[in-house]
Ligand code: GNR
Ligand code: NI
């Protein structure tokens, strides 16, 4: 279990990559899940996609348990949204790859997601609330999509510029 560096803006060369499906959930995939979980808990965050530690594979970890509660890690390989509600909800999103920036994003309120667990067993979850938001945010990462893609171009350009400047000054 190793804490890995998190890839951040302005590194879109990595963050915009489309991640590749797993053929099988093998020992190597489980090792990656463990590193992702350590990295997410260390950050701390409620979700992490493999691309955020530079690995373009379709793997996600999520844990919505709060500080002081027992951890409830969820390991998802090849997650797919198989249904989303017509109803939408607003939620203030953040991203470990875009630190200290938060904006309201509107997404489907409920989703059904099919995935393989860390043993390779198939599951479906029907999620609402924070879990629905988090699943959609993480699956977006697997497709090179970031939550700033849903905000106004003015705000997005402002954020990108801020991270470009911070990077040039060696502050990331
Ligand atoms: O830790 C995280 N919090 C969060 C809050 C609102 C909406 C989405 C998220 S996911 C984020 C961790 C992250 O960047 N995952 O990709
Ligand atoms: Ni994110």
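Looking across the range 13-31, the residues that are within 15 Å of ligand 1 (Cβ to nearest atom) and either in a helix (DSSP H, G or I) or closer than 22 Å to residue 131 by Cβ (or both) come down to 14, 15, 19. In this entry, residue 66 passes the filter for residues that are loosely packed, with under 13 Cβ neighbours inside 10 Å and at negative phi. Taking the range 84-167 and the strands (runs of 3 or more DSSP E) fully enclosed by it, the elements with 1 or more residues that are more than 14 Å from ligand 1 (Cβ to nearest atom), touching a strand residue (DSSP E or B) at 6+ places or on another chain (Cβ under 7 Å) and in contact (Cβ under 8 Å) with a residue 40 or more places away in the chain are at 111-116, 122-127. Applying the set (1) more than 14 Å from ligand 1 (Cβ to nearest atom); (2) more than 20 Å from residue 132 (Cβ to Cβ); (3) within 14 Å of the chain's Cα centre (by Cα) to residue 39 leaves exactly one unmet item: (1).
With respect to residue 51, is the statement that it is assigned to a helix (DSSP H, G or I) and either touching a residue at least 40 places away in the same chain (Cβ under 8 Å) or within 13 Å of ligand 1 (Cβ to nearest atom) (or both) true? For residue 51, the condition - assigned to a helix (DSSP H, G or I) and either touching a residue at least 40 places away in the same chain (Cβ under 8 Å) or within 13 Å of ligand 1 (Cβ to nearest atom) (or both) - is met. Among (1) closer than 27 Å to residue 11 by Cβ; (2) within 16 Å of the chain's Cα centre (by Cα), where does residue 131 come up short? Going through (1) closer than 27 Å to residue 11 by Cβ; (2) within 16 Å of the chain's Cα centre (by Cα) one by one, residue 131 breaks only (1). Evaluate the following for residue 3: is it touching a residue at least 60 places away in the same chain (Cβ under 8 Å) and away from ligand 2 (no atom under 13 Å from the Cβ)? When the stated conditions are applied, residue 3 does not pass them. Residues in the range 41-56 that are in contact with a strand residue (DSSP E or B) (Cβ under 7 Å, 6 or more places away or on another chain) and surrounded by fewer than 20 Cβ atoms within 10 Å (Cβ to Cβ): 56 alone.
We did not get these values from a lab; they are worked out from the coordinates using the rules stated. Worth saying up front: this structure is predicted, and the values here are computed from it rather than measured. Positions of Cβ are backbone-derived with ideal geometry, glycine not excepted, and every protein chain shown enters the neighbour counts.
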